[in-house]
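Colleague: Take this structure first; my questions come after.
The values are calculated or read from the model by the stated rules, or taken from the named source; none is laboratory data. Remember, predicted model here, so these are calculated numbers, not experimental data. Positions of Cβ are generated from backbone atoms using ideal geometry, with glycine treated the same way; all protein chains shown enter the neighbour counts.
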Amino acid sequence: MSRRLTLFLLALLVLPVQADDTIPVKIGDVEIQLSRPAGMVDIPKDSVDAKAVADLTPPDCILLRTCISSDALDNTKAPDPSADIMTSRVFVIKEVQMNIDSGSFIDFVQQQAFQVSHGILISQDSCFDFVETQKRLDDFQKDTGVKMEDTGDIYSLGVVSRSYACIAFMTANYMNSTENGKTQRLKCISVYSYVRLKEKVVVILTSLIKPLILHEDIRTLKHAAEKYQLDLQFLNNS
């Protein structure tokens, strides 16, 4: 349980998306369908895991759906401390729920692609609100018993995918995790995907947190994020 709360994000399976895995959500005046990512299940809404994810949700975002690797919630198997855990979080930004035309979104894609071509996206010298971030991490600690400390800098690993309906990029940063008096330095890699669905934009966050991240981990994360964003585009835009 505690490791699932600490390493809250990754493990790729390739199961087909089923129709009954979708839920409708409203963004402004439009209803979109959110499928369940391959190999995942919804995090139970009354669980500590759900509360921990809510703690980490930025205040300017609305959390639409959160899923986790099905193996993580399989109580019939012994816990595997070496297993990667995947979660998928889908957000909508509170202030950006109006219709976004294709031209405006393409301009946004170009701006994001230029920004993430640089090495450091966020540092202690940027205007990023580290106080608010730490507040969310403090709430996370109260609910899980795990203390997480963000070291500050977020590095860009470049664009993962780019099209008229999506821009996705990968980032990396370090954090310290303290549990039961033991501190670990962890590396977090994340894929941020901005996807245009029925003229609305959602943000999908997929991440992996481990002491050591190998090349195959990055490839697995990339493929997982791309598959899910394509699933959502096919479901809503076809």
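Colleague: Report yes if some residue within the range 216-231 is touching a Gly at 6+ places or on another chain (Cβ under 8 Å) and either free of Cβ contacts under 8 Å to residues at least 40 places away in the same chain or closer than 27 Å to Val48 by Cα (or both); otherwise report no.
Modeller: no
Colleague: Are there any pairs with C-beta distances below 6 angstrom linking a residue in the range 187-214 that is within 19 Å of Ser156 (Cβ to Cβ) to a residue that is of a type in the set (Val, Ile, Thr) and assigned to a loop (DSSP other than H, G, I, E, B), with the two at least 6 apart or on different chains, and if so which?
Modeller: These pairs meet every condition: Lys187/Ile213; Ile189/Ile213.
Colleague: Still on this model: Could you check how many residues of the range 165-183 are in contact with a Ser or Thr (Cβ under 6 Å, 6 or more places away or on another chain) and loosely packed, with under 14 Cβ neighbours inside 10 Å?
Modeller: Total satisfying the criteria: 1.
Colleague: Kindly indicate whether any position in the range 210-223 is surrounded by 15 or more Cβ atoms within 10 Å (Cβ to Cβ) and in a strand (DSSP E or B).
Modeller: Yes - at least one qualifying residue is present in the range 210-223.
Colleague: Looking only at the range 1-17, which residues are touching a strand residue (DSSP E or B) at 6+ places or on another chain (Cβ under 8 Å) and either of a type in the set (A, V, I, L, M, F, W, C) or at pLDDT 50 or above (or both)?
Modeller: Passing the criteria: Leu7, Phe8, Leu9, Leu10, Ala11, Leu13.
Colleague: Could you tell me which numbered condition Asp20 fails, if it satisfies all but one of (1) modelled with pLDDT of 85 or more; (2) farther than 26 Å from Val160 by Cα?
Modeller: With (1) modelled with pLDDT of 85 or more; (2) farther than 26 Å from Val160 by Cα applied to Asp20, the lone miss is (1).
Colleague: So, in the range 24-64, of the ones that are outside any helix (DSSP H, G or I) and among the acidic types (Asp, Glu), which residue ends up nearest to Lys227 (Cα to Cα)? Write out each step before concluding.
Modeller: Filtering the range 24-64 down to residues outside any helix (DSSP H, G or I) leaves 24-47, 56-64.
Restricting the remaining residues to those that are among the acidic types (Asp, Glu) gives 29, 31, 42, 46, 60.
Details: Asp29: 27, Glu31: 22, Asp42: 18, Asp46: 28, Asp60: 26 Å.
That would be Asp42.
Let's see how each residue does on (1) basic (Lys, Arg); (2) more than 26 Å from Asp42 (Cβ to Cβ); (3) at pLDDT 85 or above:
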position: Asp80; (1), (2), (3): no, no, no
position: Gln97; (1), (2), (3): no, no, no
position: Asp139; (1), (2), (3): no, no, yes
position: Gly152; (1), (2), (3): no, yes, no
position: Val160; (1), (2), (3): no, no, yes
position: Asn180; (1), (2), (3): no, yes, yes
position: Val191; (1), (2), (3): no, no, yes
position: Arg196; (1), (2), (3): yes, no, yes
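Colleague: For Thr144, state whether it is buried (at least 17 other Cβ atoms within 10 Å of the Cβ) and over 30 Å from Asn236 (Cα atoms).
Modeller: On the way: buried (at least 17 other Cβ atoms within 10 Å of the Cβ): yes; over 30 Å from Asn236 (Cα atoms): yes.
So Thr144 passes the test.
Colleague: Scanning for something hydrophobic (A, V, I, L, M, F, W, C), exposed (fewer than 14 other Cβ atoms within 10 Å of the Cβ) and assigned to a loop (DSSP other than H, G, I, E, B), does the range 122-134 turn up at least one residue?
Modeller: Yes - at least one qualifying residue is present in the range 122-134.
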